Amino acid sequence: MTGGSAPACPKCGAVNRPGTDICYLCREPLGGRAGTGDAAAATPPGANAFVGDSGALAEARPTLRPIPMLLFTEAARHNVRMSAMLFVLLFLVFFLLGTAIGGAYGDPRTGLGLSFVLYAILGATAYFSGSSIVLPIHGAKEAAGEEHRQLRNVVEEMAIAAGVPPPKVYVIPAEGMNAFAAGRRPEEACVAVTTGLLARLNREELQGVVAHELAHVKSRDTLYNVCAAVLVGAVALLSDMFLRGAFWGRRGRSSGSRGGGGRGNAAFFVLALLLAVLAPMAAKILQMSISRQREYHADAAAAGFTRNPLGLASALAKITTGGAQVPGENRGTQHLFIVNPLRVFDADASALMSTHPPTEERIQRLRAMGGFSAG
Amino acid sequence: MAYIPLVLVVVLIGWFVAAYNKLVRFRNQIKNAWHQIDVQLKRRYDLIPNLVEVVKDYMSYEQETLTKVIEARGAALSAKGPAAQAKAEGILTETLKSLFAVVENYPELKANRNVASLQEELTGTENKISFARQFYNDSVMTYNNAIQSIPTNFIASFFNFAQEAYFEIEPESRAVPKANLR
C-alpha cells in the first residue's frame, strides 16, 4: 500500500496493519484498489455523524484491537458461555479451599461440607437482605408526572421487546449521566436513571441505555452478582479463619483429639496455607471478570432488544464525555450502574479489578454489531 | 450396581418432562406475544380521536390530512383477516406520519403541551407495536428452533407441536419510500 497509514479492506472494511497486501479477515487483496483504502473508505457514510467522535475516543482507538463484524445473538451467546465458565472456576476455587483447609485439620470431606454450609448461610442472608437498599442510597424518586412520560414510555417499550413485565421506574436527581437496575427477579425489578442522563440523551440513546438495564433484569444479573459476591466473601472468610487459626489454634487440636494421619496432614496444611493466601485474590479477579462479561452480555442483549446497537454506542460515548458521577456512589453499588460511577476516567479501566469493561471497547463492540467492523 | 438403570430411567423421565414443559412454555409465550400486539394496536386506535380533537381547531386548512387519518383508523378497525389488517395498519402508520409532518408547520401547535404529549404517546405506541411484533417473531424463532433441533424434535413430532408462522409485513410496505424533494 502506498498510503502508509492503516489500510482498510475494500470488501469488509476491516482495518489492516500497514504494509499488508491481503485483508486479514476476508482475504480480499488490498493492493487492487490502492489509494482508496484510507480511513474514509473504512467508515461507511454517517458513521461519525451518529456516534459523535469525541477527542477521548479518537485517542483511545489505536490501542483497540480491530474486531470483525459481530452478530448480537452470537455475542450474547459467547458472553453467557464465558460467564458460566468463570462461575465454575470461582466455585472450584471455593471448594478447593474448603477441601484443603478441611484436609489440614484431618478431614477433607468435612471441610468441603462445612464450606457448603457456610456458603448456604451467607447466600441466604445476602439474598433476603440485599437489593432493596440501593434506591434510598442514591436518592432515587419514582418517575411519576408528565415530564417523565417519555422515560416511562421508553421503559415500557423495552420491557415489551425484552418480554419482561414492566419494571418500576425511578429518577435520581443528579448531574452525572448514569443508570442502574436492581431487583432479584424480573417481577420485582426497578430501573433508575439520573436527570443528567435524561437531559442529554435523545430518545434512541435513552432506549439503548434502558435496554441495557432491562437486559440485566432479564438475565437476573443482580442474582449473579450476589452469588459471586457471596462466593468471594466466603473465600475471604475461610482464608481469614484458617490463617488466624492456623498459627495458634491448630497444633494442639489436630495432634490431640482429632488425630488425623500426620504426614498427609502436613501436605494438606501447606496446600491450605498457599490457597488461603492466593484464593481471595483469585476469587476477586474472577468476580470482576464475571462482572465485565455480564456488562458485555447486557450490551449485546440490548442490541437485540432495540435492533439498534448504535443508539447505545452513542449514549456510552456521551456518558464518557459528560461524566457519570452519582451522589452516594460507593464501592458497594458500583457494579450496578451502566458505566462505573467511580472510575470512568481511569486510564487503566481495563485492569483486572474493575467492574466494567473499558467504555471504548464496549462502544467498539456495539459498533461492530451495527456493521462497522473497524475500530 | 443394580440401581444404574433406575437412575437412567429417572434422568430420562426428568429430561422428558423438562423438555415437554419448555415447548409448552414457548408455545404459550407466542400466543401471549400475539395478544400483546393487539393490546398496543387497540391503544393506538384509542389515542387517535384524542389527537384529532386537539389538533383540528388549529388545522382548519389541513382537513384533508385529518380526514385521511380518521378514514385509515376506521379501515384498520374494520379490516378482516391478518393480511388485510396488516395492510390497513401500514396505511394508518403512513397517514399518522404525514399528520406529524404537518404539525411541524404550525409553531403554536408544536408548543401546545397536549399535542406534544399526545405525540410522544403515539410515538411510544408505534414503537411498542413494532417491539411487540419483534418479540413475537423472536418467540417464534426460539420455539421453531426448539422443535426442529435434536433431541426435542422427537417430542415435538410425537405430540404434534406444529411450527408457528412469523409476522410479515406487506410487500408494498417493503418498498423504499420515495422522497419528494423540490
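Laboratory data are not the source of any read-out in this text; all were calculated from the coordinates shown. Everything numeric in this text was worked out from a predicted model, so none of it was measured. Reconstructed Cβ throughout: ideal geometry from the backbone, glycine too, with neighbour counts over all protein chains shown.
Listing for the model above:
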item	result
Average partner coverage of A:153-159, which counts Cβ from other chains inside 10 Å	5
A:Glu142 long-range amide H proximity, modeled H, under 5 Å	A:Val171
FRET E, pair B:Lys110, A:Thr321, Förster distance 30 Å, beta-carbon r, rounded to 0.05	0.50
Ranked by how many other beta carbons lie within 10 Å on average, peptides A:299-308, B:25-34, A:278-287 from highest	A:299-308, A:278-287, B:25-34
Label-point separation, B:Asn32 to B:Ala84 (7 Å along Cα→Cβ), nm	3.2 nm
Listed pairs B:Lys22/B:Lys80; A:Lys318/B:Lys31; B:Lys31/B:Lys80; A:Lys168/B:Lys68; A:Lys218/B:Lys22; B:Lys87/B:Lys110 exceeding 28 Å between Cα atoms	B:Lys22/B:Lys80; A:Lys318/B:Lys31; A:Lys168/B:Lys68; B:Lys87/B:Lys110
Dipole axis of segment B:1-107 (+1 Lys, Arg; -1 Asp, Glu on Cβ), positive-most option in B:Gln63, B:Ala75, B:Val52	B:Ala75
Sites A:Thr125 and B:Val39 - FRET efficiency at Förster radius 35 Å, r taken between beta-carbons, to 0.05	0.30
In nm, spacing of pseudo-spin labels at A:Lys168 and B:Asn160 (7 Å Cα→C-beta vector)	4.7 nm
Linear extension gain, B:Lys97 paired with B:Thr123, 0.36 nm per residue minus alpha-carbon span	8.4 nm
Alpha carbon centroid spacing (whole Å) that separates segment A:76-103 from segment A:134-188	33 Å
Cut-off under 5 Å, modelled amide H: who pairs with A:Ala324 long-range	A:Met177
Listed peptides A:108-119, B:128-139 by packing density, highest first (mean Cβ within 10 Å)	B:128-139, A:108-119
Over chain B, volume per residue of the alpha carbon convex hull, in Å³	158 Å³
Segment B:Asn145-B:Leu6, extension gain: residue separation times 0.36 nm, minus the distance between their alpha carbons	46.9 nm
